[in-house]
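Read the structure below first, then the notes.
Bear in mind that the values in this text are calculations on the coordinates, not laboratory data. Keep in mind that this is a model prediction, so the values were computed, not measured. Quick reminder, even Gly has a Cβ in these numbers, built from the backbone with ideal geometry, and neighbours come from all protein chains shown.
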Amino acid sequence: MRDYLPPSPRRVLEIGCGEGGFVASIAGATERWGVEPNPTAAGVAAERLDRVLTGRFDAVSDQLPLGYFDLVVCNDVIEHMEDHDRFLLDLRVFMADDGVLVGSVPNMRNYKVLFDLLFLGDWRYQDAGIMDRTHLRWFTRSSLGRSIAAAGYRIEVLRGMNGSLSPGRAKWAWPRFLFGCLCIGLTLGGARDMVHAQYGFRARRTA
């Protein structure tokens, strides 16, 4: 996600910062804040960052300064929100006028997920990945872009990442691989985004 960062952010906030490793690594920042619901992870982050608020964003957001942050990061966070549209709107009030939002979400259009749904009739939650059982929202490239724009951001970068089209060795690997090839071929490459596990984005707050 470092490739999505704007140049020289000063005041940075990461929602769901975990142990603070990502935001702590952002070079040149003068203030690094984090919000983290896991108390153990928040304790580690507090040793790395200038300030860490422990709790869910909606429970601790009243402790954040208004119109303050040049950069807000929400890596693999939006899909965990009960109301992601409200979340994206709420973030704006804590951002500087020209502030930037950077984040990532899983790609629900991934060919492996679609194969399992269409051909195996299966919608199996897992402990991690696209079908993580804690996800409350699911996105394609179009739906993510629509939500970001509707919340008042100008999208600068939105692209797929972390994925490839290869058979591997898992059960049903070859049928999934052939399904992915067929979809991409029949759409003359239009469905190539099906290979990605995630989307990353950078968007700038508008007036």
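I'd like the distance between the alpha-carbon centres of region 7-67 and region 114-135, rounded to an integer number of Å.
What the calculation gives is 31 Å, centre to centre.
Size of the chain along its principal axes in angstrom, Cα-based, largest extent first?
The Cα atoms of the chain stretch 51, 36, 30 Å along their principal axes.
With viscosity set to 1.002 mPa s at 20 °C, what whole-number translational diffusion coefficient in µm²/s follows for region 30-126 from Stokes-Einstein and a Kirkwood radius over Cα pairs?
So the translational diffusion coefficient is about 138 µm²/s.
Antiparallel as a % of all DSSP beta bridges within the chain, to the nearest 5?
45 percent
How large is the Kirkwood hydrodynamic radius of region 93-154, counting all unique pairs of alpha carbons, in Å?
13.7 Å
Can you find, among 108, 33, 87, the residue farthest towards the positive end of the dipole of the chain? Put +1 on the C-beta of Lys and Arg, -1 on that of Asp and Glu.
108
So how tilted is helix 173-186 from the main axis of the chain? Cα-based, degrees 0 to 90, rounded to 10.
Taking the Cα atoms of the chain, the angle to 173-186 is about 90 degrees.
Region 79-135: which chymotrypsin sites (Phe, Trp or Tyr not before Pro) are DSSP loop and have at most 10 other beta-carbon atoms within 10 angstrom?
Hits after loop and neighbour filter: 123, 125.
Taking only Cα atoms of region 84-128, what ratio of Rg to Rh do you get with Rh as the Kirkwood inverse-distance radius?
1.22
Extending each Cα 7 Å along its Cβ direction at residue 60 and residue 2, get the distance between those two points in nm, one decimal.
In this crude spin-label approximation the distance works out to 2.5 nm.
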